[in-house]
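One structure is given below, encoded as structure tokens.
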Amino acid sequence: MKGDVIMSRIEKFEDLICWQKSRLLVKDIYGITFSNSFAKDFALKDQIRRSSISVMLNIAEGFGRRTHKEFKQFLFIAHGSIAETQSCLFIAFDLNYISVDSFEKLYNTCTEISKIISGLIKSLK
């Protein structure tokens, strides 16, 4: 029942808070990966960019499918991609590519997005 309300009230994926926050996360991830040390680590740079982009894209694609079942499936994928992004942040921090402040800010943003996605998944059951 709740899921019906969400899908009927929200007309476009851009209205979803989790998508909006994911968009900002992608921008922040690109910002930190331009630094010299991070920029030279092509594997990690590409992986963290891809995982953060995946969150945003899977939310949009799932919403665009217009069924609760498929939307939930794509939200689960987005949820996994957020965890992947967080794991990449640990690597970047351990290799001194990012400061503790950057790590905490981005990690906490990921946690917030994760919670929003989890709540959305529960509402679609």
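Every number here is computed from the coordinates shown, using simple stated rules; none is lab data. Since we're looking at a predicted model, the values are computed, not measured. Neighbour counts run over all protein chains shown; Cβ positions are idealised from the backbone, glycine included.
Below is a table of values for the structure above.
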quantity	calculated
Gaussian network model of the chain, Cα within-10 Å springs - most flexible of Arg49, Arg23, Arg65	Arg65
Centroid-to-centroid separation of region 26-43 and region 67-125 [C-alpha atoms, Å]	18
Which of Asp28, Asp46 has the fewest Cβ neighbours within 10 Å, and the rest in rising order	Asp46, Asp28
Listed pairs Lys40/Lys115; Lys12/Lys45; Lys69/Lys122; Lys12/Lys105; Lys45/Lys72 exceeding 22 Å between Cα atoms	Lys40/Lys115; Lys12/Lys45; Lys12/Lys105; Lys45/Lys72
Pairwise label distance in nanometres, Phe90 with Leu24, each label 7 Å out on the Cα-Cβ vector	2.6
Exposure proxy ranking, count of Cβ atoms within 10 Å, fewest first, for Leu44, Leu106	Leu44, Leu106
Reach of Lys27 by Cα under 20 Å, taken over aspartates and glutamates that are not fewer than 8 positions away in the same chain	Glu14, Asp15, Asp41, Asp46, Glu61, Glu84, Asp101, Glu104, Glu112
Vicinal HN-Hα couplings computed from phi for region 42-54 (Karplus, 6.51 cos²θ - 1.76 cosθ + 1.60; Hz; Gly/Pro x)	4, 5, 5, 4, 5, 5, 5, 5, 4, 5, 5, 5, 4
Within the chain: Cβ-based charge dipole about Cα centre, in debye rounded to nearest 20 (Lys, Arg +1; Asp, Glu -1)	460
Under the Karplus curve 6.51 cos²θ - 1.76 cosθ + 1.60, θ = phi - 60°, whole-Hz ³J(HN,Hα) for region 57-66, x wherever Gly or Pro sits	5, 6, 4, 5, 5, x, 4, x, 6, 6
GNM top mover of Gly64, Gly80, Gly31 - the chain, alpha-carbon springs below 10 Å	Gly31
Loop chymotrypsin sites (Phe, Trp or Tyr not before Pro), region 5-100 (other Cβ atoms within 10 Å of the site Cβ: 15 or fewer; DSSP)	Phe34
Cα principal axis extents for region 46-101, largest first, Å	43, 17, 14
Cα long-axis angle, helix 17-32 against the chain (0 to 90 degrees, to the nearest 10)	10
4 °C / 1.567 mPa s Stokes-Einstein diffusion coefficient of the chain, Kirkwood radius on C-alpha pairs, µm²/s	88
